[in-house]
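Presented below is the structure to which this report refers.
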Amino acid sequence: MLRSIVHPLLGVLMAMAGVALVQGLGHQLYGVAPVEEGMSPEQVEATVKAYLETAPFGALAFPILAWMFGTFTGTLYVVQLCHEMPAAHSAPVLSVMLLCTILMLTMLPHPAWMYIAPLLVVGAWWNALKLGEARVAKAQAKAESE
């Protein structure tokens with residue numbers, strides 16, 4: 001019972017940490033919108049909108065990669081430790097990451113191609129689920145043969 005609560009929550013935290021890691025890498029490579037201290041919320045929004053219109057492809061692709069990486073790592077963690085009903089145990093990771101992805105896309109106008117991100121997040125979850133299940137099955141078969 002405790003495993004069914006703790007590991008999915010840790011998976012969500014791991015997913016968020018993975019997003020932060022990849023987003024940080026993207027910010028190091030491409031920088032961020034030129035937001036300065038003392039700007040009003042309206043000025044910040046206008047500055048970010050202007051940046052999104054002229055941002056290079058990589059700067060816009062990194063958030064999608066971050067959401068996919070976070071979903072993949074969080075899901076893989078949960079599936080490795082919750083062998084029974086892995087899809088149900090990893091559902092919180094998928095739910096939180098999908099909500100974050102959709103919220104980020106709806107907060108500011110993004111290029112149309114970025115709206116495939118929720119589908120890619122579901123794909124990352126599915127691939128991690130299948131990889132994790134295969135790894136667990138292989139480990140269980142190895143343990144039984146010894």
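At a glance:
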read-out: Degrees between helix 2-30 axis and first principal axis of the chain (Cα, 0 to 90, nearest 10); value: 40 degrees
read-out: At q = 0.21 Å⁻¹, base-10 log of I(q)/I(0) for the chain (Debye sum, equal scatterers on each alpha carbon); value: -1.20
read-out: Selected from A59, A17, A134 as most flexible by GNM, with the chain as the system and alpha-carbon contacts under 10 Å; value: A134
read-out: Nearest-ten-degree value, helix 57-81 long axis tilted from longest Cα axis of the chain; value: 20 degrees
read-out: Taking the chain and dividing mean pair separation by its residue count, relative contact order in percent (alpha carbons under 8 Å, at least six apart); value: 32 percent
read-out: For region 76-114 versus region 4-67, the gap between their alpha-carbon centres in whole angstrom; value: 16 Å
read-out: L119/E84 FRET efficiency (R0 25 Å; Cβ-Cβ; nearest 0.05); value: 0.35
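Only the coordinates and a few stated rules stand behind these numbers; no lab work does. If you're wondering where the values come from, they're calculated on a predicted model, not measured in any experiment. Here the Cβ is made from the backbone with ideal geometry for all residues, glycine too, and neighbour counts use every protein chain on show.
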